[in-house]
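Some notes on the structure that comes next.
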Protein chains: 2
Amino acid sequence: MSNAGIKRERIVRSAKALFHERGYTVTSLADIAQEAKVPLGNVYYYFKTKEDLVATVVEGRNEYVRARHRALEKAPTPLARLEDFLQRIHDAADSRAAHGCPVGGLAQEAGKLGGRIAQEAGSTFQIMLEWVGEQYRALGFKPGQARERAVDLVAAVQGSILLGHSSGDAELIRRAMQRLQARLRLLVKEGKRHA
Amino acid sequence: MSNAGIKRERIVRSAKALFHERGYTVTSLADIAQEAKVPLGNVYYYFKTKEDLVATVVEGRNEYVRARHRALEKAPTPLARLEDFLQRIHDAADSRAAHGCPVGGLAQEAGKLGGRIAQEAGSTFQIMLEWVGEQYRALGFKPGQARERAVDLVAAVQGSILLGHSSGDAELIRRAMQRLQARLRLLVKEGKRHA
DNA sequence: GTCTATATATTGATAGAC
DNA sequence: GTCTATCAATATATAGAC
């Protein structure tokens, strides 16, 4: 157990990175083992199947997303929190243009693979939608309206990343995030009357 | 040459459907040949590589998208055209929730595969962005503003489909398209002042 | 716990008879 | 033009020595 966790962690970290950069289907367990500097056979000691590995990656990502949300809650107002949420995407635009969104990319791929992976990959979106919806409720929107706003905001982020990734244009992503931030400020300023 | 075109067409049609339903990487040429009721070896008579095949699929899709745009231009006003554009997604929500967007799904996958496929898959988005931008220009927006609006609209559509696909929720997509339509009507009604 | 060797299946692609 | 047979590479996964 001394450095056992270390190896397992290296495998998960490599899997997470390669699934993001190359995609789940395209990445082989041999690729992951090589990147983690671990023999291929060893991967199977920690994870019975490739699905088990991606499930662990998703769980880790969900934990990370929750932690990030807690960090965002340090901002004083719901508006500031949502602005910071978008700012994170803005600051990661280069990576997003190069490799897409790690959450969206896996969700897209998993949606087609179906079964258990699809369910798990989608869970990250649910966590995000819940948190963003909370912020809109804190802004005074009723639950149904807040959920709609959350869907629209997350969809705008995901769609912008997809367009930016598809064209390799990080600036497209940055500008889209700035417009979303401006729209949020307008929304609060005008007393929640407009889109 | 009598039924040669027929076979080629069957292969392309099957490839198009399977790439959409299962994804490009996951779909094997054997799957396509079986679906098209053609022996595997015959596929290679018409297409030297899998990349050649997907390139043909994308070209066909681009032609279809252009034809659809021409059809949309029968609507009397730019607003009606964009509303119809969104209505098409609305009406195809069940398929989109089940299999995602054929354009977005391939663009996402191709973005990571890189090279020639990425370029070609992204070309469909460029065609769409160009047409949507035209409509905004017809509504009185300057070129730069119109392009931004087009990016935001296409991104909203793509993100909504991704969220709907990820959760298998067609109603999410339908409602999102309705909100986008309503926002467009508001935009025109209020004299292009708001988001 | 760790690693080598390998089983088994499937892939994209080719050779060559018809 | 069409199709069968097959190659060579690669995938996930397992067996079993250490």
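Taken together, the values in this text are just the output of simple stated rules run on the coordinates, not laboratory data. Since we're looking at a predicted model, the values are computed, not measured. Glycine also receives a Cβ, built like all others from the backbone with ideal geometry; neighbour counts cover every protein chain displayed.
Using the Cα centre of the protein assembly as shown as the reference point, and only Cβ charges (+1 on K/R, -1 on D/E), how large is the resulting charge dipole? Debye, rounded to the nearest 20. Working shown, then result.
Values: 62 positive and 44 negative charges, 171 e Å.
Roughly 820 debye, rounded to the nearest 20.
Can you give the relative contact order of chain A as a percent, counting alpha carbon pairs under 8 Å and 6+ residues apart?
Relative contact order comes out at 23 percent.
Among the lysines, select those whose C-alpha is under 30 Å from the C-alpha of B:K112, and discard any that sit fewer than 8 residues away in the same chain.
Within reach: A:K7, A:K16, A:K37, A:K48, A:K50, A:K112, B:K16, B:K48, B:K50.
Helix B:115-138 against the longest principal axis of chain B: what's the angle in degrees, Cα atoms only, rounded to the nearest 10?
It is inclined by approximately 30 degrees.
With a Cα-only, solvent-free Debye model of the range A:77-177, what are the log10 I(q)/I(0) values at q = 0.18, 0.22 Å⁻¹?
Each listed q maps to, in turn, -0.88, -1.13.
Restricting things to alpha carbons, find the Rg to Rh ratio for chain A using the Kirkwood radius for Rh.
1.02
If we count other beta carbons within 10 Å of each Cβ, what is the order of A:Y136, B:Y64, fewest first?
B:Y64, A:Y136
Can you give the FRET efficiency to the nearest 0.05 for B:Y45 and B:I127, using r as the Cβ-Cβ distance and R₀ = 41 Å?
0.85
Can you compute the equivalent ellipsoid semi-axes for the range A:1-95, i.e. the square root of 5 times each eigenvalue of the Cα gyration tensor, sorted largest first and rounded to whole Å?
After scaling each eigenvalue by five and taking roots: 32, 15, 11 Å.
Can you tally the net charge around A:A170? Count Lys and Arg as +1, Asp and Glu as -1, for every other residue whose Cβ sits under 9 Å from the Cβ of A:A170. Could you put the intermediate results ahead of the total?
Details: positive: A:R96, A:R174; negative: A:D94, A:D169, A:E171.
Overall, the nearby charge balance is -1.
Excluding A:I117 itself, what net charge comes from residues whose Cβ is under 14 Å from its Cβ, given Lys and Arg +1 and Asp and Glu -1?
0
Note the distances from B:I6 to each other copy's matching label point, with points 7 Å along the Cα-to-beta-carbon direction, in nm, sorted shortest first.
Counterpart label points of B:I6 in the remaining copies fall at 6.7 nm.
Mind giving me the FRET efficiency for B:I6 and A:R66? R0 is 51 Å, r the Cβ-Cβ distance, nearest 0.05 is fine.
0.40
Could you please state, rounded to a whole Å, how far the C-alpha centre of the range A:98-136 is from the C-alpha centre of the range B:47-109?
If you average the Cα positions of each part, the centres end up 23 Å apart.
Would you mind listing the distances between the B:E35 label point and the same position in each other copy? Use 7 Å along Cα-to-C-beta, nm, one decimal, shortest first.
2.8
222 nm [θ] for chain A, helices only, -39500 (n - 2.57) per DSSP H run of 4+, per residue, to 500?
Taken over chain A, the calculation gives -27000 deg cm²/dmol.
Using the Cα gyration tensor of the range A:1-48, with a ≥ b ≥ c the square roots of its eigenvalues, what is the shape: rounded (a/c below 1.5), prolate (a/b larger than b/c) or oblate (neither)? Don't skip to the end; give the middle numbers.
Numbers: a/c = 2.24, a/b = 1.74, b/c = 1.29.
Prolate, because a/c is 1.5 or more and a/b exceeds b/c.
Would you list the P(r) distribution for the protein assembly as shown, with all Cα-Cα distances sorted into 20 Å bins from 0 and each bin expressed as a whole %?
The percentages, shortest bin first, are 26, 56, 17, 1.
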